[in-house]
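Since the structure comes first, as C-alpha cells, the remarks are kept for the end.
Values quoted throughout were computed directly from the atomic coordinates according to the rules given, and no laboratory measurement underlies them. Since the model is a prediction, treat every value here as computed from it, not as a measurement. Cβ: placed from backbone, ideal geometry, glycine included. Neighbour counts: every protein chain shown.
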Amino acid sequence: MTDPALTRADTELERLENALTAMAANLVELDENPDRKELGATALTGRTATAWADAEDALARLWQGHRQLGEVIAQARALRGQRRVDAQAYTRLVLGGSITLSTSTVPLAQRGLLGAGQVSTVCSPADLLAVMESAFATAVDVVATAGERWRTLLPGAADAAAALAHARALSGSALLDDADRLLTAFTGALASDPLSADPSVLARARELIARADAERTSASELRAWLEQRLRDARQLCAEIETAARAADAARSAAAGRFPEHTLSRVRGEDPRTELAGIDALAAAGQWPLIAPRLTTWNRRATERLTALRAAAAHNAGLLAERNELRGRLDAYRAKALRRGLGEDGTLTPLADAARTALYQAPCDLNAARAAVGAYQEALSTTIAARDAR
C-alpha cells in the first residue's frame, strides 16, 4: 500500500518543479525587461531610488530562492530515485522546513547559558514560494510603474519642450521663463524619480506656454507655422503609405508559410482620414483648432509608421530565418556525406525530420530550429566519436 505521505510529497515535488520552470522564465523576462534595465542604469533619486533599492533586494532574494528551491528539488529527486527510499528524509525535504531563509548571530548579552550563538529561520519549499511571490510582485510593480510613467510623461514633456523652443524663437516673455523653470524641474524629476513626478507640473508648464503663445502669435505667424506642419504631415502620410505597402508585401510573402499567429499585422484607422479633416479646418481658416489636433495626429502617425516598419521587418525575418536554417541543414548534410554518414541510421531520421519541419507549410520555426539543432548536435557527436576511435 502506498504511503500517503510519500504520495503528498510526490505531488508537491511535481508542483515545485513546474513552479521552478515558470519562475526561471519570469525572472529572466524581468531581467531582460527594458524598463528594469533603464532603472538599473539610471542614477535614481527620491521615492524611486528607495523603491528600486527594495526591488533590487527583492530580485536578489528571488534569485537566491530560485537557487535554493532548485537545490532542494535536486536533492529530493536524488532521494526519490534511490532503490530504497528514505521516506522520512524525503518527505521532510519536500514538505518540511528544509530551506534556511536567514541565519543571524545572537549577541552574547542576549543569550542564556544554554542559548545558541546563531539562530536560523527555516521554511518549507511551499512557504518559500509564497515569500518569492510577494517579492516578485514588489519588483514587478516598481518596474511597471516607473516604465509606464516614463512612457506616458516623457513624450508630453518633449512636446512641451518643442513648443517652448518654438515660442522662444519668436519672442521672449516672463510666462515662457516660468514655463521653462517648471519644465526643467519636471524633466529632471521625471528622469531620476519617475514615481514622484507630478503630471500637474507639466500641465501648468503647457498652460503657460499656451498663454504666452496666445499673447504673442499673430494670425499670420500661426498660419505659416501650421502650414509647414501640414506639409510635414503630408510627407509623413506618404511615408506611412510606403511602409504599409512594404508591410503588406512582407505579410503576403510569409502568409501560408508560417502559422497565422506568428505573423505581425498592424491594425487601426488610416491616418489619411483624420488628416483630411485637419486639411478641411485649414481650408476654412480655423487655424487655432488645428494645432492640438495636428500634434495628436503626428504622434499617432509616427507610432503607426514605426509599427508598420516593425511588422514588415518581423515578417521578412521569418522567411530569412527559415532560409538560413535551410542553408545550415544543407551544409550539415553535405558534411555528413563527406564523412560517409549520408545513410547513417541515427542521423538520417534526424535530417529528414529537420527537412520536413523546414519545408512544410505552415513552418513552425521553433520546431524547425530545434530539429536542425538536434541533427547538428548528433552529427558533431557522431563525428567526434569516430575520430576518437
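Taking 0.36 nm per residue of sequence separation and removing the Cα-Cα distance, the GLU215/ASP159 pair yields an extension gain of 18.2 nm. At an R0 of 56 angstrom, the distance between the Cβ atoms of THR11 and ARG181 translates into a FRET efficiency of 0.30. In segment 289-358, the ratio of gyration radius to Kirkwood radius, Rg to Rh, stands at 1.49 when only Cα atoms are counted.
Extending 7 Å from Cα along the Cβ direction at ASN366 and again at GLU207 yields two label points whose distance is 5.1 nm. Under the simplified labelling scheme, the ALA331-ALA25 pair shows an inter-label distance of 3.1 nm, with each label point 7 Å from Cα along Cα→Cβ.
Taking only alpha carbon atoms, segment 318-388 gives an Rg to Rh ratio of 0.99, where Rh is the Kirkwood radius. Residues whose amide H lies under 5 Å from that of CYS363, counting only those 5 or more places away or on a different chain, are PHE258; hydrogens are built 1.01 Å from N in the peptide plane.
Give me the log10 of I(q) over I(0) for the chain at q = 0.06, 0.07, 0.08, 0.11 Å⁻¹, as the Debye formula computes it from C-alpha points; what are the numbers? Log10 of I(q)/I(0), two decimals: -0.49, -0.65, -0.80, -1.09. Across the options ALA55, ALA9, ALA144, the greatest Cα extent toward the positive end of the charge dipole of the chain (unit charges at beta carbon of Lys, Arg, Asp, Glu) belongs to ALA9.
Taking 7 Å steps out from each Cα toward its Cβ at TYR359 and HIS314 produces label points 3.0 nm apart. Once the chain from ALA144 to ARG257 is taken as fully extended at 0.36 nm per residue, the excess over their C-alpha distance is 37.1 nm. If you sort the three axes of the alpha carbon gyration tensor as a ≥ b ≥ c, you get a/c of 1.5 or more for segment 190-314 and a/b no higher than b/c, which makes it oblate. Which angle between 0 and 90 degrees, to the nearest 10, do you get for helix 199-216 versus the longest principal axis of the chain when only C-alpha atoms count? Around 20 degrees separate the two axes. Full extension of the chain segment joining ALA384 with ARG272 gains 34.1 nm, where the gain is 0.36 nm per residue of separation less the Cα-Cα distance. Look at where the Cα atoms of segment 116-195 and of segment 319-383 average out, and the two centres are 48 Å apart.
Taking Cα atoms, how many degrees apart are the long axis of helix 125-170 and the longest axis of the chain, rounded to 10 and kept between 0 and 90? Taking the Cα atoms of the chain, the angle to 125-170 is about 20 degrees.
The mean sequence distance of close C-alpha pairs (under 8 Å, at least 6 residues apart), as a share of the length of the chain, puts its relative contact order at 13 percent.
Relative to the longest principal axis of the Cα atoms of the chain, the long axis of helix 347-359 lies at roughly 20 degrees.
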